[in-house]
Every structure is written in C-alpha cells, then in structure tokens.
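These notes are about the structure you will find just below.
The values are calculated or read from the model by the stated rules, or taken from the named source; none is laboratory data. Everything numeric here is computed off the predicted structure, so don't read it as measured data. All Cβ positions, even for glycine, are placed from backbone atoms using ideal geometry, and neighbour counts span all protein chains on display.
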Amino acid sequence: MAVSIQFCGGARTVTGSMHLITTKHSKIILDCGLFQGKRDEYFAINSQFPFNPQNLDACVLSHAHIDHSGNIPSLVKKGFRASVYCTPATRDLCRYMLPDSGHIQEEDIKYVNKINRRRGMPPRAPLYTKEDAEKALKYFRALDYDHTMRIADDVDLNFYDGGHILGSTITVLDVMTGSRQPVRIAYAVDLGRENMPLLDDPEVPPGINYLIMESTYGGRKHETLKEAEIKLAKTINKTVNRGGKVIIPSFALERTQLIVYFISELIRRKMVPKIPIYVDGPLAVSLTQVFRENWKYFDETTKKSFLEHKDPFSHDNIEYISKVEDSKKLHDIDKPIIIISASGMCENGRIQHHLKNNIENPKNTIVVIGFMARDTLGRRIVEEQKTVRIFGRPYDLRAEVVVINAFSSHADCDGLVEYAGKCRGNLRQIFLVHGEPDQAEILKNNIRKRFRLKISIPLRGEAVYLR
Ligand SMILES: [Zn+2]
Ligand SMILES: [Zn+2]
C-alpha cells in the first residue's frame, strides 16, 4: 500500500506539530505548528520544511493553538497555494491568533536587531510578519463537523469534535487505495478531556485503522475540577480578606474563557464575593467575541444559556479591556479585584505590567493556571524565586503564589488510555506524538497493559509506511 506518514514536527516534543501524509496521488500535511525553543533553533526549525510546500495538495488544521497553526504563514511564504482546511470556529480564531503571532515575531526581532546593531551585526528578518499572517488567512477553507469533503484525488476529510478547545477536531482522512475499504487515519492531537465545562467530550470516529495521538500528559493525572474549584475559591477569599488583588496569567485562547466561566460559577454559587473581574488584552477580547459568535459549537448547557440570552462570558462585574489607557487604570485601583491577562507564560504582553505592579505586595496573589515552560518568567514565579526580573529590573516576589493544575484542556494519562481503548475495533497501529519521550513511554506501557495494540513513538523526521 502506497501510503506513508512522515512525522515532520511535534514528535517526541510538544510543540511544532506537523505530519506529512503521502498517498499514491497526493501529499497532505496535518497541522503546521510553531516549534518553540531558543531563538536560533526556533528559526532553523520553523523556516525549513522537509518537503516542498508548493507540492502540497492540502493542509488540514486540527485547531487554532499556535503549536498547531502558527507556522502556516511560513508555509505560504514558501509557496504553499493549496487550501488549509479547518472548522469554521478554528478559521475565525486564526483570524486573530495568526496576525497576533506575526506581531509578536516582529516585536521580538526589533529587540534582537537593537542588540545586533550595538554589536555591529547585520539585522535579521522576522520568521513572518503580521502582513504575512493576514495573507495566509486567504487560503483557509472551513468544513463543519459531520461533513465529508474530497480534499485530494484519493483522500476524503471528515472532522469529529476533539473536545479540546472551541473548534478543535479529531481529523479523519480516508485514503482510497484501490482496495474495497479506504484506509482510515485519525489524528487526535490535541485530544480533549471529558466532563469539561463549555465543550462536549471528544468523539470517537468509527473504523479507525491508524491513530496518531498526543501524549502530553501520558504519565500524569490532572487534579479534579472539584478540587480546583475549592482551591480557587479559597485563594480568592483569602486574598479579598486581606484586601489584595488576584493576578491570573492566562493564555488568551480557551483558558481565559474557561477561568472566567469558573469564577462566575463560584460567584453565582456564593462561594466567593462578587468582585470586579478584568480581562485585559485585545487578543483575549477578540477571541472571547469569536466564542460568543460560535456558541452553537458548545455543549448543551452552554448552548442553552446562549439561547436564553445569558452570555456565560459577560456579567455586570466583568470588564473586557482592549485599550492600553484602560489597562493602565487598573494599577490605581486600591481594592480587591481579579485581573486575567496574557501571556500565559508571562513572557510578553500586559501581564508583565500587572506583575511588575503587584508582585511585591504580600496582600496580592498570583494564581498560575497553565503550563510554564523552563526559562520563562512564569516558571520562575512557580518556583517562587526570591527575586525575578521584569523588563530587565529585579523585583522581590512577595505576593502569594498558588498553582492550580486542573484547568488543562488535554486528556490526562487515564483519559488517553481510555480513548485508545475506545478506538480499538479496526485499529492496526497507534503513533504517539506531541509529548516528551518519558510521557509517551509511560503512556505506551499503560495502553499495552490494558489492550493488545501495536504502538510506536516515532522520531522527528521518521517516515512510516502503512500496511
Ligand atoms: Zn491545543
Ligand atoms: Zn498542542
């Protein structure tokens, strides 16, 4: 059978997802994500493709997170002229996510070039600009869940709900090989978590032959949402009682809307007092608007609330802030408030200003609700280092730090094993990607303990022929 998968990126690591499917008549990539790493490696990996983008027949995008969508502008810069297929919600989210990413690249290079100039080194160009990102959006084509589209001569595409973030999918490709049944390849990267608010649980496509699955939390279990809720309520109450502010660094996409939902629920159930909540940052504001416009993709409870004119992201104590002037005004407020702001890892964006202004006051609390990578300000806060540098200046970390790990929108070790089990029927092989090697290895062993399945953990660049 002339079908192969090459694991071009996001293999044995969590960022830069990209996999090339080659059939008799076509070449298709699943995702085209940004690889995150130190600057030189970042450039080397993201600016080169192990195939000619001009020869691709399609790019299929699983969801709007930057580690899956963020390198599409580079792909277009290198000559890709086919279509990028995704759900309508993913397309709408990418309209903001990709230009924002272009803007961040431009800002980063400005900073690099300032240093290069001082050292007499030549200026560098950004990986892509905001304008490049806007050009790339023209190639997006939306396909809804439960529809089939022929995207190449011998390949049909179907999207199932991935339950990970708004618009996320389990991508299913049916490759016609001349035999009676097409070969069914499913791509569950990233895979959502069951029983999360707002979203439906991940669907299980029938008749999968080959499953490419994530393994981010292959060896870790999430705290339960109940535990998280209690911890969050306790933290807010404690901070309010001492007259402090709650600062929450958060990714603008999904995590922000989820935390707004959680706090609003705590207020509704009178577990915490109704204090003002500020969602600060233009990207978070735009993305929340996309959430409202795509309300029909949420779970039944959330849909019902929209149908009854109750917007779960808007209450009279929540203010969404786009303008810098309005953001600056938050510094002068001298009473308990909650500020939710990006970036999630505190490396750029307005959160840095809020941290700078609040980190030295022991009345305040910094609540960490997302993953903080090594060498980021967020990680230094999690480690409770005595002093941290913000905008090049040292600040004493005197605010309380509370870490809540339960808000992840990824399936954890048990969820991944269960999911693999549900896909069994016609399954010939599982490929574990999107995870550090130790996590993938634990997951592989745990799936094997329960089910007799062939599982591999491909290397980056490795190609596998399906048979
Ligand atoms: Zn994701
Ligand atoms: Zn991901």
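At least 2 residues being within 16 Å of ligand 2 (Cβ to nearest atom) is the threshold, and among the strands (runs of 3 or more DSSP E) wholly inside segment 126-230 those reaching it are 169-175, 183-188, 210-214.
Looking at this structure, is residue 221 of a type in the set (D, E, K, R), closer than 15 Å to residue 405 by Cβ and surrounded by fewer than 19 Cβ atoms within 10 Å (Cβ to Cβ)? Full working, then the answer.
Values: of a type in the set (D, E, K, R): yes; closer than 15 Å to residue 405 by Cβ: yes; surrounded by fewer than 19 Cβ atoms within 10 Å (Cβ to Cβ): yes.
In short, yes.
Number of residues in segment 168-195 that are within 11 Å of ligand 1 (Cβ to nearest atom) and not β-branched (Val, Ile, Thr): the value is 4.
Please indicate, with yes or no, whether at least one residue in segment 37-59 is assigned by TED's automatic domain parsing to the domain that holds residue 457, within 16 Å of ligand 1 (Cβ to nearest atom) and touching a residue at least 24 places away in the same chain (Cβ under 8 Å).
Initial filter on segment 37-59 (assigned by TED's automatic domain parsing to the domain that holds residue 457): 37-59.
Now drop any that are not within 16 Å of ligand 1 (Cβ to nearest atom), which leaves none.
Looking through segment 37-59, none of the residues is assigned by TED's automatic domain parsing to the domain that holds residue 457, within 16 Å of ligand 1 (Cβ to nearest atom) and touching a residue at least 24 places away in the same chain (Cβ under 8 Å).
Restricted to strands (runs of 3 or more DSSP E) entirely inside segment 359-467, those with at least 1 residues that are within 22 Å of the chain's Cα centre (by Cα) and of a type in the set (A, V, I, L, M) are 365-368, 400-403, 429-433. Among (1) touching a residue at least 40 places away in the same chain (Cβ under 8 Å); (2) within 17 Å of residue 19 (Cβ to Cβ), where does residue 174 come up short? Residue 174 satisfies all of (1) touching a residue at least 40 places away in the same chain (Cβ under 8 Å); (2) within 17 Å of residue 19 (Cβ to Cβ) except (1).
Per-residue answers, yes or no, for (1) of a type outside the set (Phe, Trp, Tyr); (2) within 16 Å of ligand 2 (Cβ to nearest atom); (3) buried (at least 18 other Cβ atoms within 10 Å of the Cβ); (4) farther than 30 Å from residue 293 by Cα:
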site: 25; (1), (2), (3), (4): yes, no, no, yes
site: 29; (1), (2), (3), (4): yes, yes, yes, no
site: 41; (1), (2), (3), (4): yes, no, no, yes
site: 53; (1), (2), (3), (4): yes, no, yes, yes
site: 66; (1), (2), (3), (4): yes, yes, yes, no
site: 70; (1), (2), (3), (4): yes, yes, yes, no
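Checking each residue in segment 124-148 for being within 21 Å of the chain's Cα centre (by Cα) and of a type in the set (Lys, Arg) picks out 130, 141. Within segment 86-107, the set of residues being in contact (Cβ under 8 Å) with a residue 40 or more places away in the chain and under 18 Å from residue 39 (Cα atoms) comprises 101, 104, 107.
Please verify whether segment 225-240 includes one or more residues that are under 28 Å from residue 376 (Cβ atoms), under 22 Å from the mean Cα position of the chain (by Cα) and among the β-branched types (Val, Ile, Thr). Looking through segment 225-240, none of the residues is under 28 Å from residue 376 (Cβ atoms), under 22 Å from the mean Cα position of the chain (by Cα) and among the β-branched types (Val, Ile, Thr).
Working carefully through the options 412, 438, 375, 396, find the one that is touching a His at 6+ places or on another chain (Cβ under 9 Å) and acidic (Asp, Glu). Give the steps one after another, and end with the answer.
Details: 438 fails: touching a His at 6+ places or on another chain (Cβ under 9 Å); 375 fails: touching a His at 6+ places or on another chain (Cβ under 9 Å); 396 fails: touching a His at 6+ places or on another chain (Cβ under 9 Å).
Answer to the selection: 412.
When the residues of segment 406-435 are filtered to those that are of a type in the set (S, T, N, Q) and away from ligand 1 (no atom under 16 Å from the Cβ), the one that is surrounded by the fewest Cβ atoms within 10 Å (Cβ to Cβ) is 426.
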